[in-house]
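S.K.: This structure is in structure tokens; I'll ask about it shortly.
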Amino acid sequence: MGSIIPTREQALELLKKYNKNESLLRHAYAVEAVMRHFAEMLGEDKEKWGIIGLVHDIDYEMYPDEHCKKAREILEAENWPNDYIRAVESHGWKICTDVEPVEKMEKVLYTIDELTGLVNATALMRPSKSIFDTETKSVKKKWKQKGFAAGVNREVIEEGAKMLGMELDTVIEETINGMKAVAEEIGLKGSLTL
């Protein structure tokens, strides 16, 4: 049987089948939005990039010890195309998989996955608790504080930016911009009314 091109609805249903944790779902929405933003910026397929961003951690809640490996099984069982599956696997390169990000889509996912966590944590520290007044310089300031969002692998983000041939500041700024599109869904609308 040939592979199917999944719709966002199918991807979301599948994600929710394996993930119930609200913070994991919010992370999935943030990564989806940032992937869509970068796809638009780079003239790529927004739907495809968004869907891959949405399901990138599909196996994390139920199979944390097999993260990125179990994802292949889950997505293959649903007849997803191999390039979608490979992209999902590649975001854990050097962490939990040896699948190296090669395609532009894979490199963006690899770079922004950890970064959305740092941006999220930075936004929550603001008096407004909003993504809308979170700036690149605020994220850079928090970046230097190793104890802040200590789980965020800054080396991965730096390496990813290099792979993309983009300045770190640009990657941070565009990640913030991408997250603004789903501010409410990810709990970062805060007290600002726009």
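The values are calculated or read from the model by the stated rules, or taken from the named source; none is laboratory data. The model shown is predicted, which means the values in this text are computed figures rather than measured ones. FYI the Cβ positions are ideal-geometry reconstructions off the backbone, even for glycines, and counts take in every protein chain you see.
For (1) in contact with a strand residue (DSSP E or B) (Cβ under 9 Å, 6 or more places away or on another chain); (2) assigned to a helix (DSSP H, G or I); (3) not aliphatic (A, V, I, L, M), each residue gets a yes or a no:
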site: E9; (1), (2), (3): no, yes, yes
site: S23; (1), (2), (3): no, yes, yes
site: A28; (1), (2), (3): no, yes, no
site: H37; (1), (2), (3): no, yes, yes
site: E40; (1), (2), (3): no, yes, yes
site: D57; (1), (2), (3): no, no, yes
site: I85; (1), (2), (3): no, yes, no
site: P101; (1), (2), (3): yes, no, yes
site: E106; (1), (2), (3): yes, yes, yes
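S.K.: In addition: Report yes if M35 is closer than 16 Å to G178 by Cα and either crowded, with 17+ Cβ neighbours inside 10 Å or among the aromatic types (F, W, Y) (or both), otherwise no.
M.R.: So M35 fits the description; yes.
S.K.: Out of the range 153-168, which residues are surrounded by 19 or more Cβ atoms within 10 Å (Cβ to Cβ) and either part of a loop (DSSP other than H, G, I, E, B) or of a type outside the set (A, V, I, L, M) (or both)?
M.R.: G160
S.K.: Restricting attention to the range 143-152, which residues are surrounded by fewer than 19 Cβ atoms within 10 Å (Cβ to Cβ) and either assigned to a helix (DSSP H, G or I) or of a type in the set (A, V, I, L, M) (or both)? Explain how you work it out, then say what you get.
M.R.: Taking the range 143-152 first, the residues surrounded by fewer than 19 Cβ atoms within 10 Å (Cβ to Cβ) are 144-148, 150-151.
Hits for the range 143-152 are K144, A150.
S.K.: Would you say E61 is surrounded by fewer than 19 Cβ atoms within 10 Å (Cβ to Cβ) and part of a helix (DSSP H, G or I)? Let's see the steps before the verdict.
M.R.: Values: surrounded by fewer than 19 Cβ atoms within 10 Å (Cβ to Cβ): yes; part of a helix (DSSP H, G or I): no.
The answer is no for E61.
S.K.: Here's a follow-up. Take the conditions assigned to a helix (DSSP H, G or I), in contact (Cβ under 8 Å) with a residue 40 or more places away in the chain and crowded, with 19+ Cβ neighbours inside 10 Å and apply them to E89. Does it pass?
M.R.: On the way: assigned to a helix (DSSP H, G or I): yes; in contact (Cβ under 8 Å) with a residue 40 or more places away in the chain: no; crowded, with 19+ Cβ neighbours inside 10 Å: yes.
No, not satisfied.
S.K.: Quickly run through the range 85-111 and pick out the residues that are under 15 Å from A71 (Cα atoms), modelled with pLDDT of 95 or more and over 14 Å from the mean Cα position of the chain (by Cα).
M.R.: I85, R86, listed by residue number.
S.K.: When you check W80 against the structure, is it farther than 18 Å from M35 by Cα, assigned to a helix (DSSP H, G or I) and of a type outside the set (S, T, N, Q), yes or no? Explain how you work it out, then say what you get.
M.R.: On the way: farther than 18 Å from M35 by Cα: yes; assigned to a helix (DSSP H, G or I): no; of a type outside the set (S, T, N, Q): yes.
Against the criterion (farther than 18 Å from M35 by Cα, assigned to a helix (DSSP H, G or I) and of a type outside the set (S, T, N, Q)), W80 does not qualify.
S.K.: On the basis of being in contact (Cβ under 8 Å) with a residue 40 or more places away in the chain, part of a loop (DSSP other than H, G, I, E, B) and more than 19 Å from the chain's Cα centre (by Cα), does K129 make the cut?
M.R.: Judged against the criteria, K129 is a match.
S.K.: Considering each residue of the range 169-194, count those that are within 16 Å of the chain's Cα centre (by Cα), outside any loop (DSSP other than H, G, I, E, B) and more than 17 Å from K104 (Cβ to Cβ), and give that number.
M.R.: Final tally of qualifying residues: 6.
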